[in-house]
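So the structure is just underneath, and the comments pick up after that.
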Amino acid sequence: DTGVSQNPRHKITKRGQNVTFRCDPISEHNRLYWYRQTLGQGPEFLTYFQNEAQLEKSRLLSDRFSAERPKGSFSTLEIQRTEQGDSAMYLCASSLVPGLSYGYTFGSGTRLTVV
Amino acid sequence: DQQVKQNSPSLSVQEGRISILNCDYTNSMFDYFLWYKKYPAEGPTFLISISSIKDKNEDGRFTVFLNKSAKHLSLHIVPSQPGDSAVYFCAARFNFGNEKLTFGTGTRLTIIP
């Protein structure tokens, strides 16, 4: 297991289309996070899962966004009816045990461009 | 409302010298602070962290200092190496709940050979 894997790496879509991204965390990690990073900004929290339960969603996550983590393994993030403002890097991260100071492990991200 | 701020978008430092990256925060409830390093086309990589009960943490060439009264932290890299050229993000979290991180906007560090 070499880390957090995200697919696809790049996605170009037309406005109004639906897109889905996948994240495969480090296998033994029970927490999974989604962040979004736009140009010139730091990553912004979107949502997180502990095992299969989605425990918090940011106000940034509008009704067009939905995330799932069936069986507590991989996760998907779907954006419906994409808008140009959704163009960003979508980052997934995972961690093993809450409370440790080492931070969590990020994937390389999926860059979404809405045209 | 930007709760974590990195006011220097960029910094250039001569190889071998000290690099100092700064970060300010506004929420006194933050309990843990972390620094991440990011290369282009890669996700952020954890570098070093510090608990609010400490004022210094050191790991090899990297040292993080925390001044709680000033709500300020800094990352020192000594000596700076060309491979340190990257974007550095400061992040903070609460000591309860979900470990959600609040990031600053980043500082692009360039090490000049």
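What follows draws every value from the coordinates through simple rules; no lab data is involved. As the structure is a computational prediction, the values presented were derived from the model and not from experiment. Note that we place each Cβ from the backbone using ideal geometry, even for glycine, and neighbour counts take in every protein chain shown.
Does chain B come out rounded, prolate or oblate, given a ≥ b ≥ c as the square roots of the eigenvalues of its C-alpha gyration tensor, rounded meaning a/c under 1.5 and, failing that, prolate meaning a/b above b/c? Prolate, since a/c reaches 1.5 and a/b exceeds b/c.
For chain B, a simple Cβ point-charge model (Lys and Arg +1, Asp and Glu -1, everything else neutral) yields a dipole of about 100 debye relative to the Cα centre. Here A:VAL19, A:VAL4 are placed in order of increasing Cβ neighbour count within 10 Å, fewest first, which gives A:VAL19, A:VAL4. Compactness ratio for chain A: Cα radius of gyration over 2.2 N^0.38 Å (N = residue count) comes to 1.01. On the principal axes of its alpha carbon atoms, the protein assembly as shown extends 49, 37, 36 Å, with the longest extent given first.
Ordering B:PRO40, B:ALA70, B:GLY83 by the projection of their Cα atoms onto the charge dipole of the protein assembly as shown, which places +1 on the Cβ of Lys and Arg and -1 on the Cβ of Asp and Glu, puts B:PRO40 at the extreme positive end. In the structure shown, the pairs A:LYS14/B:LYS100; A:LYS14/B:LYS37; B:LYS54/B:LYS100 are assessed against 25 Å; a Cα-Cα span above that value is assigned to A:LYS14/B:LYS100; A:LYS14/B:LYS37.
Annotation for the stretch B:30-59 versus the stretch A:54-84: alpha-carbon center distance of 26 Å.
Roughly how crowded by other chains is peptide A:42-48, in terms of the mean Cβ count from those chains within 10 Å of each of its Cβ atoms?
Partner Cβ neighbours, averaged per residue: 6.
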